[in-house]
Amino acid sequence: MKLGKFMTDSEETEFRRITHTFFEKEWRESFDIFYQVTVNGEKKFIKFAEFDPRDYSRLDAILKEKQTEIFYIKETDLYKYYQFNILKHLLLGLVQDKPPAREVFQRVYPVATRILQDYLEIPASDDFLVLLDELPKVLAKSLDSGSLPFHELFALTLKENTIHAHCVNVGLYCLCLARELGMNRKDREEICRGGMLADIGKKYIPKDVMFKESELTDEDMQTIRLHTAFGKKKLNEQRRYSKTVLRMAGEHHENFDGTGYPLKLSGNDINTAARICKIMDIFNALTSHRSYGEVLTPIQALTLMKEKIGEQFDSQLLTAFIQYAGRQ
C-alpha cells in the first residue's frame with residue numbers, strides 16, 4: 001500500500017464519497033483513495049493512499065483508526081468496482097444458484113438502487129447507466145415461469161423519498177404488470193429498463209427545487225416538469241436505448257385525458273409502456289414517505305387513483321394493476 005499526499009486537479013464531481021466498509025477482500029483491482037480539504041475557500045482532494053487488495057487488512061486498520069471514516073474514490077474506479085466486483089458476483093451467483101423470482105428480485109434490488117444512487121448523487125456521467133444493462137434482463141427472465149405475487153413485490157421495495165428508490169420501484173412494478181399482461185420477455189425487459197430510467201432527468205433539476213419541503217410555486221412546478229425532456233434527451237444522446245425507453249422517459253407524465261405534460265398527448269397517442277409507467281409512478285409516490293401527504297397503503301392508493309384521479313390513467317391498464325395487486 002502506497003501512502004502519499006498531493007493536490008489533485010480533478011473536479012469534485014469526479015469523486016464518490018465512501019467509508020472503510022466500502023472495501024472488500026474479494027476486490028482485485030487497486031485504486032487511489034482521497035480525502036477532501038478546503039484550501040482558500042475551495043474544495044480540493046488529496047490522495048490518502050493507493051488501495052492494494054493484497055494489503056487489505058493494513059488499510060482497513062488505518063481507516064478505522066482515523067477520526068473520520070469519510071474518503072473518496074474517482075468515478076472511473078467506482079465504475080470498475082461495480083463492473084468487476086458487485087455485478088460480476090451478483091450475476092455469477094444467479095447463474096449458479098438459479099433462485100426463484102422472489103430471490104432474484106431481492107438480490108438485484110439493492111444493486112440497482114445503489115447504482116442509480118451513485119449516478120444521481122456523484123453526479124456520475126450518463127455512461128454510468130451502462131452498469132444497469134444486465135439487471136432488467138435477469139429480472140425479466142426470472143418471470144418466465146410465472147408472475148411474482150404483488151404482496152411479495154411490495155414488501156421488498158423501499159418506501160423512502162429518494163429518486164433512486166423511486167426509479168427502481170417503478171421499474172419493478174412496470175415489469176410485473178407487463179408479466180400479468182402477457183408481454184414477452186424482451187418487452188418485459190424494455191419496460192423494466194424504461195421504468196428505472198424514466199425519472200433520471202431529475203438529476204438535472206436544481207436540488208433546492210427538487211427537494212423543496214415548502215409548497216412549490218408555479219415556477220418550481222414548471223422547472224420540475226422539465227425532467228421529462230431532460231431525461232429523454234440524455235438517454236437519446238447515448239444512442240443505445242429503444243424507442244420504448246425513450247418514450248417512457250418523455251411521456252410518463254402525460255394524462256389519458258390529455259391534461260398532462262409535456263405534450264398534452266391523450267389516449268392511445270401515449271405509448272402503452274408510458275401509460276403503464278404513469279400508473280406506477282403515481283402508485284409508488286402515494287405509498288412512499290414524502291415531505292407532503294401521508295403514506296397510503298396499496299388499497300388506499302389504488303382507491304384514490306381509481307375514484308379521484310382516474311381520468312389520468314388508461315382505465316384498462318389501471319384495472320389490470322388493481323386485479324394483480326388484489327390477487328392473493
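The values are calculated or read from the model by the stated rules, or taken from the named source; none is laboratory data. Computed from a prediction, not measured in an experiment: that's the story for all the values here. No Cβ is skipped: glycine too gets one built from the backbone with ideal geometry, and neighbour counts run over all protein chains shown.
With closer than 17 Å to Phe15 by Cβ and among the basic types (Lys, Arg) as the only criterion, which of Lys74, Lys98, Lys88 stands out? Criteria check complete, one pass: Lys74. Restricting attention to segment 91-112, the residues being assigned to a helix (DSSP H, G or I) and either crowded, with 18+ Cβ neighbours inside 10 Å or among the charged types (D, E, K, R) (or both) number 12.
Each residue in segment 275-317 was checked for being without any contact (Cβ under 8 Å) to a residue 40 or more places away in the chain and not in a loop (DSSP other than H, G, I, E, B), and 14 pass. Scanning segment 103-134 for residues that are among the β-branched types (Val, Ile, Thr) and more than 17 Å from Asp77 (Cβ to Cβ) returns Val104, Val108, Val111, Thr113. Can you say whether Ala178 is touching an Asp or Glu at 6+ places or on another chain (Cβ under 7 Å), of a type outside the set (Lys, Arg) and in a helix (DSSP H, G or I), as far as the supplied structure shows? It is true that Ala178 is touching an Asp or Glu at 6+ places or on another chain (Cβ under 7 Å), of a type outside the set (Lys, Arg) and in a helix (DSSP H, G or I). Cβ-Cβ contacts under 8 Å between residues 6 or more apart (or on different chains), taken from a first residue in segment 54-80 that is more than 22 Å from Leu120 (Cα to Cα) and basic (Lys, Arg) to a second residue that is modelled with pLDDT under 70 and part of a helix (DSSP H, G or I), are listed as Lys64/His20.
Selection of segment 177-199 for residues being over 14 Å from His252 (Cα atoms) and in contact with a Pro (Cβ under 9 Å, 6 or more places away or on another chain) yields Arg188, Glu189, Glu190.
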